[in-house]
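Remarks on the structure that follows.
Since every read-out is calculated from the coordinates, none of them should be taken as a lab result. Every value quoted in this text rests on a predicted model; they were computed, and no experiment measured them. Cβ atoms come from the backbone with ideal geometry, glycine included; neighbour counts cover every protein chain shown.
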Amino acid sequence: MSDRVCSFLKTDTDEAKLPTGTVKSPSPPSSAAANVVIVPQQLTSSLHCDSPTFTVAHMVFLHHAESHMADFMALKGNVRPMINTAIEHAFTAPYLLNELLALSALHLSTQGGAEARLFNHQATELQTRSLELFSKAKGDISDSTYMPTFIFASLLGIHVLHETLKTEYGTLADFVKSFVSYCRLHRGVRAVTGQYWSEILQSDLKPLLYIATLSKQTESQSPGIETDQLREFLTGMATSSAATEACLGALTGVQWVLDMAKQEPTRYDVGVHAVMAWPLYVTDGYIEALHQHQPEALVVLAFYAATLHRYRQYWAFGSSGSSVVHLVASSIGSFWQDILSWPLQVLIES
């Protein structure tokens, strides 16, 4: 796997900032060979094979993505436009292709086999490179690069969430530290494309963004009751504060996750993506309250962990939900124990 092949994609970070041409819409799988790779004119003279960027192993990861991306991203629909976008923008937004390969390698590493450790190492290297490239390009997000940036944020979110959840934590404090870091990273990268959301919803990715459509349906329906007990408890606290209000908002987000899953109860992908959307749903105030180990924030985290547990068959979540619920239950004071009845019941029922 270590034999290098001539690089067909040069990812010099200075060149990554050069202006681009018009983006061509991704072609369907049958005409993938006709896709246009956007190459700035200034780059063509620098293409050579002296400093290879990609290896044979990376080609294996690309093939795995082409074959299994819908599965490891829990998406129902044609994901080929995402891969096409990564290839077409390999020069103008190289961080996307690197992260696509990184997530593919990470998924391969979870499938067992003698090369699992190698694949995991490759995933880390590719992710590090993608973040370095993005860090140098994020100030230049434009009409021609917002789409690869949006896809990059989605891939990176799954990657870092898995890395956060798979670790065994000895204390709740250790988990909270890692989870807060994940939230801040994912939210920061995603925020870069916030102004382009309406355009993204009308793009070739629209068929994959069904969570946005289902979310609108929940707005006209009465919310579920799973979080009512905690909501009443927090609302009735004599020492209500800004942190409490932020936690109430985050709890509304947990109920939203549960209600979203009810829209399509037979579709595992809807529940998975609702769960992954929660860290983007909550406010900075909640993230800070969690960082400060405010007890109400920790209890809300346990409710969120119960939703992770419900979708533990998704490879990026695994058994993390039950671990977090138990960490909170064993760390929080007796004042809060009765309020944890719902997340603990979720563990018992399953």
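Rounded to the nearest 20 debye, the dipole magnitude of the range 52-200 is 280 debye, with +1 charges on Lys and Arg beta carbons, -1 on Asp and Glu beta carbons, and the Cα centre as origin. With a threshold of 24 Å on the Cα-Cα distance, the over-threshold entries among K177/K216; K177/K206; K216/K262 are K177/K216; K177/K206. With K and R counted +1 and D and E -1, the other residues having a Cβ less than 13 Å from that of A191 yield a net charge of +3. Sorting 92-104, 130-142 by average packing, meaning the other beta carbons within 10 Å per residue, from highest down gives 92-104, 130-142. Evaluating 6.51 cos²θ - 1.76 cosθ + 1.60 at θ = phi - 60° for every residue in the range 132-145, the Karplus couplings come out as 5, 5, 5, 4, 7, 10, 5, x, 10, 5, 9, 4, 9, 10 Hz, glycine and proline recorded as x. The range 161-191 and the range 70-95 have Cα centres separated by 24 Å.
The simple spin-label model puts a point 7 Å past each Cα toward its Cβ; for Q111 and S222 those points are separated by 4.7 nm.
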